[in-house]
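What follows is a short report on a single structure.
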There are 2 protein chains.
Amino acid sequence: MAKRANCKEKILDAAEAVVMEMGAVRMSLDVVAKKAGVSKGGLMYHFSTKKGLLKGMIERMVRQFFADREALVKEISPGKGRMLKAGILTALRPDEKRERMGLSILVVAAHDPELLKCLKDVHREHLKDMAASGLNLERAAIISLASDGLMLSEMLGMSPYSPSLKKKIMDTMVMMIEELESGKR
Amino acid sequence: MAKRANCKEKILDAAEAVVMEMGAVRMSLDVVAKKAGVSKGGLMYHFSTKKGLLKGMIERMVRQFFADREALVKEISPGKGRMLKAGILTALRPDEKRERMGLSILVVAAHDPELLKCLKDVHREHLKDMAASGLNLERAAIISLASDGLMLSEMLGMSPYSPSLKKKIMDTMVMMIEELESGKR
DNA sequence: GACACTGTACCGACCGGTCGGTATACTTAA
DNA sequence: TTAAGTATACCGACCGGTCGGTACAGTGTC
């Protein structure tokens with residue numbers, strides 16, 4: 001056969017869809033396989049354990065986040081806070097991809113929290129970038145954390161912010177980064 | 001008999017401990033019962049379904065958060081940002097109780113996300129308080145979100161911040177609230 | 001025939017939930 | 001005083017079903 005270079009992607013998509021529709025604890029291999037339109041054997045061929053599937057989910061998520069940020073950063077005028085802005089705008093962009101990203105974190109956290117260590121590495125690098133950017137570290141971290149908080153709250157379905165207020169908050173975040181850039185504090 | 005007013009509490013403690021030790025998906029009724037030192041039947045007597053147990057977990061968590069904040073707010077000098085400060089300091093106080101609080105959110109999110117709606121209500125009320133406080137709403141929200149972000153990141157084990165940096169970040173948050181109070185911004 | 005898969009049947013552990021039963025304390029009323 | 005009845009708290013065997021994982025016999029393509 002060999003026509004499926006994207007078979008793994010299809011399975012990963014299915015896994016996210018299952019989590020979205022049925023909840024994190026109900027993401028079993030059988031239902032993911034069915035959703036992806038492959039047999040259980042087929043799924044096991046690509047991901048030999050459930051842990052492998054979970055790992056595949058976060059790794060793809062991280063890859064996708066970096067790719068999206070990469071694409072966005074070009075549209076932002078240069079400055080010390082450019083990367084921070086791009087990160088926030090990427091994480092908070094209101095689309096289904098972003099929603100699925102949160103779900104991936106949730107399933108993995110529920111099943112095998114140690115797999116999230118790779119996200120810790122991502123955050124650590126992010127922190128290093130911030131420290132090197134010349135912005136006030138604590139204040140930059142707070143803005144970055146606020147973005148995480150908003151994303152995570154939405155993923156848990158407990159964000160009380162309307163889309164319009166969310167938009168205003170995002171604008172204010174960008175403004176605060178610019179204040180940091182100008183040293184105004 | 002009647003000596004056990006705290007039997008439910010004991011079970012809730014056990015449930016949190018199980019999540020902490022074994023992960024959210026492994027929190028089964030059998031192991032919670034064993035951990036609590038009661039039989040399965042005993043557990044089912046107090047919480048007739050798993051959903052009931054989960055509900056008990058978040059409800060206790062919310063109660064505890066408010067009680068702790070209530071106690072803390074008295075120690076903070078009056079001002080428009082008093083409640084916000086107390087909330088942040090309560091959510092971020094580094095102790096085991098706080099750690100367990102995050103875990104409760106995680107299990108519930110994994111098993112039955114709709115039970116988190118009560119947290120949405122809590123946040124909504126919090127937002128109303130902020131709007132009424134006279135502080136700049138977007139900026140106050142950002143600080144509050146940063147506190148959520150830090151707590152949630154820690155709960156997921158993906159916070160890259162050292163305790164000392166975390167402390168500095170918390171201090172900066174308090175400082176920013178005071179800037180907001182003085183209308184400097 | 002080697003490779004890249006698919007489909008299905010199956011395993012044992014574990015899941016949430018039920019059920020019949022027990023022990024103890026309190027209430028009632030003959 | 002005591003026997004009967006009621007309510008509360010708890011036990012643990014058990015049920016049907018689901019889980020992650022295995023085994024293996026195909027199947028179409030190079």
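Points to keep in mind about this one:
- Subset tally (residues that are open to solvent by less than 10 Å² (accessible area, probe 1.4 Å), without any contact (Cβ under 8 Å) to a residue 60 or more places away in the chain and within 18 Å of A:Phe66 (Cα to Cα)) for region A:101-118: 3
- Pairs, first more than 11 Å from B:Ala14 (Cβ to Cβ) and within 14 Å of chain A (Cβ to nearest Cβ) in region B:30-50, second open to solvent by less than 60 Å² (accessible area, probe 1.4 Å) and near DNA strand C (Cβ under 10 Å from one of its atoms), C-beta under 7 Å, six or more apart: B:Lys50/B:Leu29
- Criterion: more than 8 Å from chain B (Cβ to nearest Cβ) and small (Gly, Ala, Ser) - qualifying residue of A:Ser147, A:Ser104, A:Ser159, A:Ser153: A:Ser104
- When each of A:Arg63, A:Arg69 is tested for being within 21 Å of A:Leu119 (Cβ to Cβ), modelled with pLDDT of 90 or more and surrounded by fewer than 14 Cβ atoms within 10 Å (Cβ to Cβ), the lone residue that passes is A:Arg63.
- Candidate set: region B:27-51, residues that are more than 24 Å from B:Glu96 (Cα to Cα) and more than 13 Å from DNA strand D (Cβ to nearest atom); chosen: the one most open to solvent (accessible area, probe 1.4 Å): B:Lys51
- Residues located in region A:108-130, provided they are under 12 Å from B:Tyr161 (Cα atoms) and more than 7 Å from chain B (Cβ to nearest Cβ): A:Asp121, A:Glu125, A:His126, A:Lys128
- Any chance A:Lys55 is within 13 Å of DNA strand C (Cβ to nearest atom) and either open to solvent by 80 Å² or more (accessible area, probe 1.4 Å) or assigned to a loop (DSSP other than H, G, I, E, B) (or both): no
- The lone exception for A:Ala24 - which of (1) in contact (Cβ under 8 Å) with a residue 40 or more places away in the chain; (2) within 16 Å of DNA strand D (Cβ to nearest atom); (3) over 21 Å from A:Ser153 (Cβ atoms) it fails: (3)
- Exactly one residue out of B:Lys117, B:Lys74, B:Lys80 is modelled with pLDDT of 90 or more and closer than 23 Å to A:Glu154 by Cα, and it is B:Lys117.
- The combined condition, being surrounded by fewer than 19 Cβ atoms within 10 Å (Cβ to Cβ), touching a Leu at 6+ places or on another chain (Cβ under 6 Å) and more than 7 Å from every other protein chain (Cβ to nearest Cβ), is not fulfilled by B:Ala86.
Every residue, every condition in (1) part of a loop (DSSP other than H, G, I, E, B); (2) of a type in the set (Asp, Glu); (3) away from DNA strand C (no atom under 16 Å from the Cβ), yes or no:
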site	(1), (2), (3)
A:Lys10	no, no, no
A:Glu16	no, yes, yes
A:Val19	no, no, yes
A:Val25	no, no, no
A:Val32	no, no, no
A:Val38	yes, no, no
A:Arg60	no, no, yes
A:Phe66	no, no, yes
A:Ala71	no, no, yes
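The values are calculated or read from the model by the stated rules, or taken from the named source; none is laboratory data. Source: prediction; values computed, not measured. For neighbour counting, all protein chains shown are included, and Cβ atoms are generated from backbone atoms with ideal geometry for every residue, glycine included. Just the protein is used for accessible areas: all its heavy atoms, side chains included, with ligands, DNA and RNA removed. Shrake-Rupley method; radii C 1.70, N 1.55, O 1.52, S 1.80 Å.
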